[in-house]
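One structure is given here, and the rest of the page talks about it.
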Amino acid sequence: MKALIITDQSEPVEIVEKPIPEPINGQVRVKLKAAALNRRDQWIRQGMYPNIQFGKVLGSDGAGVIEAIGEGVSESLVGKEVIINPNVNWGSDPKAQASDYSVLGMPTHGTFAEYIVVEVDRLQDKPEHLNWSEAAALPLAGLTAYRALFHHGAASAGKIVLISGVGGGVAQFAFQFALAAGCNVYVTSGSKEKMQKCISMGAKGAYSYREEAWFKKVQKETDGFDVVIDSAGGNQINDFIKIMKPAGRIVFYGATNGTPEKLDMFRMFWNQITLQGSTMGNDQEFEAMVAFVNEHQIKPVVDSERPFDQIISAFDEMKAGKQFGKLVLEF
Ligand SMILES: NC(=O)c1ccc[n+]([C@@H]2O[C@H](COP(=O)([O-])OP(=O)(O)OC[C@H]3O[C@@H](n4cnc5c(N)ncnc54)[C@H](OP(=O)(O)O)[C@@H]3O)[C@@H](O)[C@H]2O)c1
């Protein structure tokens, strides 16, 4: 089968031929129909991820058809259309992952291959309203957005929510989930087009984080936010602190722009502000996320689809950051 692996060569990702993997006890083999990129895959390509193991197949997101089963797995599952939960060993504590937790696609072989073998309990039925590309776009980003927004952000109908950097793979889910939950949703973006698109999808307001004083406009036009969902981090965290309602929650699942040089702790304690980190989500949250997507018939935004053998161009687009929605590979 064709698979994309990470190497120690000058172009660190390459498509190679590998044997088709065989499922053993409790495992199944899925023939992938589509897979999707995450920022994590590009971090690994750039060598900016902990414990990279050369030769591993990358990719955390995928959807496909169960093709073969190992011992102890019901034969009736063959032919089932599934999506893959990218959690590997979350562990027994719903509040946080175990120390041996990892995300599918490093160090376990991932979804950028024609076939993958996974434990049968990693699979969920593919939502019927999604095509293969949309289904493959959902798992990692949907799970991350779901936990950040609902568990840590406690977002619910009527809450005023800001989704920062809405063009991001995770942020676009946070945006759609918040709208579906009946929140009043605002966004920031570096792109006017993405801002307009979000207004047309139901955002109450959109601001450009490229304008230095964007948060002053927010102060004029709103009464502040109950929840901010962010992955950029950096000094902008202090702008968020200025535009929170009392007892507001800033939830961050990434820090693409690094840590802030200083933090306005005075305003934080006076206004009872929470700054909360979030990573992925537990297996119950994965199930709940898929149920939420089915209930609200949410469709992931797919930026583009291309054949698997053009995957390197998708990595380059991810690096350039021009996409709105997920970059999908078809097999
Ligand atoms: N902890 C976890 O479980 C977890 C899971 C997934 C991702 N992450 C991390 O979260 C980050 C985002 O991941 P992703 O897959 O969503 O990446 P992505 O699709 O590449 O999105 C990045 C987005 O960041 C936005 N951005 C850039 N500069 C910004 C700024 N100054 N203020 C606000 N937004 C800004 C851009 O939004 P616009 O396009 O709208 O300008 C861009 O689209 C990465 O660091 C990733 O490693 C963590």
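Bear in mind these aren't lab numbers, they're just calculated from the coordinates by the rules spelled out. Just so it is clear, the structure is predicted and the values come from calculations on it, not from any experiment. In this analysis, Cβ positions are derived from the backbone assuming ideal geometry, glycine residues included, and neighbour counts consider all displayed protein chains.
Taking the dipole about the Cα centre of the chain, with the C-beta of Lys and Arg at +1 and of Asp and Glu at -1, give me whichever of A34, M265, A157 is farthest to the positive side.
Result: M265, furthest along the dipole toward the positive end.
Which whole number of Å³ per residue matches the convex hull of the alpha-carbon atoms in the chain?
That works out to 133 Å³ per residue.
Please state the relative contact order of region 142-277 as a whole percent: Cα pairs under 8 Å, 6+ residues apart?
22
What is the percent of Cα-Cα separations in region 58-200 that go past 22 Å?
Here the long-distance tail beyond 22 Å is 49 percent of all Cα pairs in region 58-200.
Which pairs, out of K31/K194; K192/K319; K31/K95; K2/K95; K126/K192; K2/K80, put more than 30 Å between their alpha-carbon atoms?
Where the Cα-Cα span goes over 30 Å, the pairs concerned are K31/K194; K31/K95; K2/K95; K126/K192.
So which trypsin sites (Lys or Arg not before Pro) in region 219-287 end up in coil per DSSP with only 15 or fewer other C-beta atoms within 10 Å?
K262
Which ³J(HN,Hα) values in Hz, rounded to whole numbers, follow from the phi angles of region 58-73 under the Karplus curve 6.51 cos²θ - 1.76 cosθ + 1.60, where θ = phi - 60° and Gly and Pro get x?
In residue order, the calculated couplings are 7, x, 10, 10, x, 9, x, 10, 5, 10, 8, 10, x, 4, x, 10 Hz.
Based on the Cα atoms of region 142-277, what semi-axes does the equivalent ellipsoid have, where each is the square root of 5 times one gyration tensor eigenvalue, given in whole Å with the largest first?
Equivalent-ellipsoid dimensions as semi-axes: 20, 16, 15 Å.
Quote the charge dipole size of the chain about the Cα centre in Debye, to the nearest 20; the model charges only the Cβ of Lys and Arg (+1) and of Asp and Glu (-1).
Dipole size: approximately 1300 debye.
Pick out which of G224, G258, G182 has the largest mean-square fluctuation in a Gaussian network model of the chain, springs linking Cα atoms closer than 10 Å.
G258
Over the chain, what is the relative contact order in whole percent, taking alpha-carbon pairs under 8 Å and six or more residues apart?
Computed over the chain, the figure is 18 percent.
About its Cα centre, how strong a charge dipole does region 142-277 have in debye, to the nearest 20, once Lys and Arg get +1 and Asp and Glu get -1 at the Cβ?
Computed charge dipole of region 142-277: roughly 160 debye.
Take the alpha carbon atoms of region 260-299, find their center, do the same for region 74-142, and report the distance between the two centers in whole angstrom.
When both Cα centres are located, 21 Å separates them.
Taking loop as defined by DSSP and a crowding limit of 16 other beta carbons within 10 Å, which trypsin sites (Lys or Arg not before Pro) in region 58-142 fit?
Those satisfying the criteria are K80, K95.
Suppose only helical runs count, i.e. DSSP H with n ≥ 4. What mean residue ellipticity at 222 nm does that imply for the chain under -39500 (n - 2.57) per run, divided by all residues and rounded to the nearest 500 deg cm²/dmol?
Value at 222 nm, helices only: -7000 deg cm²/dmol.
In the chain, which longest range has no GluC sites (Glu not before Pro) that are both DSSP loop (not H, G, I, E or B) and surrounded by at most 10 other Cβ atoms within 10 Å?
After excluding every exposed loop site, the longest remaining stretch is 129-211.
Summing Lys, Arg as +1 and Asp, Glu as -1, what charge do residues with Cβ under 9 Å from the Cβ of G205 carry, G205 excluded?
Residues near G205 contribute +1 overall.
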